[in-house]
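Chemist: Structure below; questions to follow.
The values are calculated or read from the model by the stated rules, or taken from the named source; none is laboratory data. Everything numeric in this text was worked out from a predicted model, so none of it was measured. Glycine gets a Cβ as well: all are built from the backbone with ideal geometry, and neighbour counts include every protein chain shown. To get the accessible areas, we keep the full protein, side chains included, count just its heavy atoms, and leave off ligands, DNA and RNA. Shrake-Rupley method; radii C 1.70, N 1.55, O 1.52, S 1.80 Å.
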Amino acid sequence: MSHTYAEYEQMIQSGIQLGKLSKSSPGRKHHRGIDLAEAFKVFSDTDLATKWLERIRWEDGPVICPLPDCGGTMVSRTNRIDMPYRRKDCRNWFSLKTETSMANSKLPLEKWLLAFYLDLANLKGVSSMKLCRDFDLSQISAWFTLQRVREAFMTDEPPPDFALGGEFQLDAAYFGGLEANRHFIDRIPGGQGGANMMDVISITQVASGKMWVDIIPDTGADTIADTVERIVPMGATLYTDDGRHYRRIQRERHPVNHNLGEYVRIVDLANGMQRMATTNTVESGWSMFRRSYHGIHHKMSPKHPRRYAKTFLGRWNIRLLDTEEQMRHVIREMVGRELSYDMLTEDNGFPSGAGPNGAHYPERRIRYNGELDDYILQG
Ligand SMILES: [Zn+2]
């Protein structure tokens, strides 16, 4: 079921969601998905794409100047395609890309929206090789475009649901490195290291199932306690395994003893309630990410693991939303996040080269293998 151009125009103007409901599957709410044909019909049209994006940035209200200390209205439309809006008072010309990670890009709006659509269509995203062919871009441009789409997920803040508190599961683990060192269950905190090993902390809020992940400098007790202080609200309850590096956490904490084969345990909380203490949710989200990562790891640049982890889990957190809601979420998040190629490829302490088994093989030339993943490309 596809609509006419006029119908789409009408839907966008009145804020009716695009897409159609998919058949319900057990345990999931109805999902309103946009199929490829519809995506192309709406987003590849400059006028519809513009109207759709205007609604996201300014709702029904007036066009607002995006300059950080302006925010003024009284904006007029111009006939400059690159800068279609102008505000007389502050003399600012701007476009829908201004002050977002799409800023300073020659890629037309409709291709940006299609890139958003394609990249959100599955958990691993679209490959830059595919985008390069479909959009007639160079490989580097396609890769850079995707990194800018994904910049929306690069926030340090936890998902908003975290503020609601309640129960959380936490896990700190090694990530990357050699195959032989990667046993998730058998990891020995503080004892491995090796090429490209990184310490990663992941936290799940049980009620929402939302995950937050970051790379941390070490898995020492103080680093973990500091991270929890920043991410998990006061008064929350935390479940971890029985690792010693969780001991300084300043929250009510109930360990589950994995060494004794214990994965779920009934605990009495400080508030008198009984709950099931487990770290199963955080571990299953995390292990899904690990599987996705390991599939491509042997060629992945060690420079961008944080980007990869945050992107994957960012998509995971919005996976139950309708397609259009996912796109709205990502576009809203990218406002205020400019990303230049220099910022993206600047030295972050990790080598940009990848090599067999993830060992350090610094390399200057650009290597790319689109069949594996996008993160292989090295600047
Ligand atoms: Zn202004």
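Chemist: Can you name every residue in segment 256-267 that is open to solvent by 60 Å² or more (accessible area, probe 1.4 Å) and either among the basic types (K, R) or more than 12 Å from Q169 (Cβ to Cβ) (or both)?
Modeler: Selection gives N259, L260, R265, I266.
Chemist: Among (1) open to solvent by 20 Å² or more (accessible area, probe 1.4 Å); (2) under 19 Å from T323 (Cβ atoms); (3) away from the ligand (no atom under 16 Å from the Cβ), there is one condition P108 misses while meeting the rest; what is its number?
Modeler: The one condition P108 does not meet is (2).
Chemist: For segment 101-113, check the following and say yes or no: at least one residue is basic (K, R), part of a loop (DSSP other than H, G, I, E, B) and modelled with pLDDT of 90 or more.
Modeler: Checking segment 101-113: not a single residue is basic (K, R), part of a loop (DSSP other than H, G, I, E, B) and modelled with pLDDT of 90 or more.
Chemist: If I filter segment 7-18 for residues that are surrounded by fewer than 17 Cβ atoms within 10 Å (Cβ to Cβ), touching a strand residue (DSSP E or B) at 6+ places or on another chain (Cβ under 9 Å) and under 30 Å from N122 (Cβ atoms), do I get at least one hit?
Modeler: yes
Chemist: Looking only at segment 127-152, count how many residues are open to solvent by 10 Å² or more (accessible area, probe 1.4 Å) and in contact with a Ser or Thr (Cβ under 6 Å, 6 or more places away or on another chain).
Modeler: 2
Chemist: Restricting segment 40-97 to residues that are open to solvent by 70 Å² or more (accessible area, probe 1.4 Å), of a type in the set (A, V, I, L, M, F, W, C) and not in a loop (DSSP other than H, G, I, E, B), which is farthest from the ligand (Cβ to nearest atom)?
Modeler: That would be F40.
Chemist: Let me ask you something else. Residue check: is D119 open to solvent by 40 Å² or more (accessible area, probe 1.4 Å), within 24 Å of R315 (Cα to Cα) and either of a type in the set (D, E) or modelled with pLDDT of 90 or more (or both)?
Modeler: Numbers: open to solvent by 40 Å² or more (accessible area, probe 1.4 Å): no; within 24 Å of R315 (Cα to Cα): yes; either of a type in the set (D, E) or modelled with pLDDT of 90 or more (or both): yes.
Considered against the rule, which asks whether it is open to solvent by 40 Å² or more (accessible area, probe 1.4 Å), within 24 Å of R315 (Cα to Cα) and either of a type in the set (D, E) or modelled with pLDDT of 90 or more (or both), D119 comes out as no.
Chemist: Taking only segment 318-340 into account, find how many residues are under 17 Å from D156 (Cα atoms), open to solvent by 20 Å² or more (accessible area, probe 1.4 Å) and in contact with a helix residue (DSSP H, G or I) (Cβ under 8 Å, 6 or more places away or on another chain).
Modeler: Going through segment 318-340 one residue at a time, the tally reaches 5.
Chemist: Something else now. So which pairs qualify, if the first residue must be in segment 90-113 and in contact (Cβ under 8 Å) with a residue 24 or more places away in the chain, the second must be within 11 Å of the ligand (Cβ to nearest atom) and open to solvent by less than 40 Å² (accessible area, probe 1.4 Å), the Cβ gap must be under 7 Å, and the two must be at least 6 apart or on different chains?
Modeler: Listed by first residue and then by second, the contacts come to C90/C65; C90/G72; N92/C65; F94/C65; F94/P66; F94/Y85; T98/P66; E99/P66.
Chemist: Only one of R230, R244, R253 is open to solvent by 60 Å² or more (accessible area, probe 1.4 Å) and touching a Leu at 6+ places or on another chain (Cβ under 8 Å); which? Break it down stepwise before answering.
Modeler: Details: R230 fails: touching a Leu at 6+ places or on another chain (Cβ under 8 Å); R244 fails: touching a Leu at 6+ places or on another chain (Cβ under 8 Å).
On inspection, the qualifying residue turns out to be R253.
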